[in-house]
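Visitor: Can you read through this structure? Questions will come right after.
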């Protein structure tokens with residue numbers, strides 16, 4: 001059987017060690033606060049979801065040791081850490097630095113970073129979520145701050161023995177291409193910044209940098225930072241020299257307020273389209289979507305019938321697609337998105353069902 005890398009995104013909010021998170025989650029336990037206080041919004045709404053491992057601090061190395069064992073024993077061998085930079089400093093970095101990188105068994109896993117360079121707003125604060133999502137911090141950065149980010153990533157992470165590489169090159173993923181372009185002032189400025197990042201990575205002793213773009217579907221993007229020229233995602237990926245693309249969540253490019261199997265049928269067509277854009281595409285599988293734990297009122301738009309059995313069918317399809325396209329990386333949303341109801345970690349409803357599905361499809 002071909003060796004597959006199964007990479008699950010990690011949302012690093014389940015800790016009280018990040019002081020700045022108190023403005024969103026004042027109980028001092030990170031977004032566990034919203035998970036624990038989630039209530040059903042209609043008959044049959046299965047909330048709250050209770051983690052079988054408990055509401056543990058994921059910036060604690062012992063917690064991550066337990067999770068690494070669970071992941072690696074079920075075929076998940078890469079964590080993709082959401083990484084944030086707000087107000088000229090990192091945010092929620094401690095789950096990676098103090099949790100994963102201090103875990104004694106971290107050699108069983110690889111990791112890489114997705115720069116989640118979106119704005120931070122009231123959605124994270126359940127007391128205010130539901131109205132206007134007023135930005136608290138902007139995800140845009142200018143060139144000096146971009147260079148600071150690049151230097152930090154290269155120095156702190158790329159040389160870690162567990163950092164995930166493709167063709168020997170450390171992989172770095174970017175979530176919001178619009179924010180990147182807007183902050184840097186246009187597509188040419190962005191191209192120059194990314195090329196500088198590549199050069200710095202090579203100067204640090206690596207054979208190069210593998211840049212990965214998170215696709216939100218094939219859509220139009222403003223490439224000037226102001227009203228003006230627009231380009232499609234595929235054109236931007238090629239112009240900026242991205243080496244690959246993948247997705248973060250089905251909700252970004254399909255209507256998820258349907259049955260999982262119906263959604264997956266549409267997703268298959270999107271995979272084919274993404275793979276035809278001229279840049280290597282790694283297939284992505286989403287477990288679910290329901291962000292009602294973040295809100296006091298009902299939020300429409302719930303991915304239905306997303307059972308482990310249906311998730312397993314999607315994994316088989318991803319494996320077949322990867323085989324046909326000659327790629328071996330498959331991304332999954334996610335390891336622990338409890339407030340979006342899309343996670344592999346065992347809970348009170350399906351136990352280890354989602355992890356068991358991965359183990360069955362991809363073997364040891």
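Visitor: Compute the length gained on full extension between residue 69 and residue 127: take 0.36 nm times their separation in residues and subtract their Cα-Cα distance, giving the result in nm to one decimal.
Guide: 17.3 nm
Visitor: Let me ask you something else. Using helices alone, I'd like the mean residue ellipticity at 222 nm for the chain: each DSSP H run of four-plus residues gives -39500 (n - 2.57), total over residue count, nearest 500.
Guide: -9000 deg cm²/dmol
Visitor: Taking Cα pairs under 8 Å and at least six residues apart, what relative contact order does the chain come out at, in percent?
Guide: Answer for the chain is 19 percent.
Visitor: Using the 10 angstrom Cβ neighbour count as an exposure proxy, how do 53, 329 rank, fewest first?
Guide: Starting with the residue having the fewest Cβ neighbours, the order is 53, 329.
Visitor: Under the rule a/c < 1.5 gives rounded, and otherwise a/b versus b/c splits prolate from oblate, where does the range 263-364 land using the Cα gyration tensor?
Guide: Taking the square roots of the gyration eigenvalues as a ≥ b ≥ c, the range 263-364 is oblate.
Visitor: Just to be sure I understand the model, the point goes 7 Å from the Cα along the line to the Cβ. What's the resulting residue 52 to residue 325 distance in nm?
Guide: Roughly 3.1 nm, to one decimal.
Visitor: Expected output is a single nm value to one decimal: the length gained when fully extending between residue 252 and residue 87, i.e. 0.36 nm times separation in residues minus the C-alpha distance. What is it?
Guide: 56.8 nm
Visitor: Could you give the distance between the Cα centres of the range 322-340 and the range 93-118, to the whole Å?
Guide: Centre-to-centre distance over Cα atoms comes out at 17 Å.
Visitor: On to the next question. Calculate the spin-label point distance for residue 155 paired with residue 305, positioning each point 7 Å from the Cα along the beta-carbon direction, and give it in nanometres.
Guide: 5.3 nm
Visitor: While we're here: For the range 5-362, rounded, prolate or oblate, judged on the Cα gyration tensor with a ≥ b ≥ c (square roots of eigenvalues), a/c < 1.5 rounded, else prolate if a/b > b/c?
Guide: Cα axes put the range 5-362 in the rounded bin.
Visitor: How would you rank 295, 197, going from fewest to most other Cβ atoms within 10 Å of each one's own Cβ?
Guide: Lowest to highest Cβ neighbour count: 295, 197.
Visitor: Multiplying the sequence separation of residue 145 and residue 42 by 0.36 nm and subtracting their Cα-Cα distance, what value in nm do you get?
Guide: Stretched fully, the residue 145-residue 42 segment lengthens by 32.5 nm.
Visitor: Still on this model: Take the alpha carbon gyration tensor of the range 77-152, find the square roots of its eigenvalues, order them as a ≥ b ≥ c, and report rounded if a/c is under 1.5; if not, report prolate when a/b exceeds b/c, else oblate.
Guide: Since a/c reaches 1.5 but b/c is at least a/b, the shape of the range 77-152 is classed as oblate.
Every number in this text was worked out from the coordinates using simple rules, so none of it is lab data. For clarity, every value in this text was computed on a predicted model and none was experimentally measured. For neighbour counting, all protein chains shown are included, and Cβ atoms are generated from backbone atoms with ideal geometry for every residue, glycine included.
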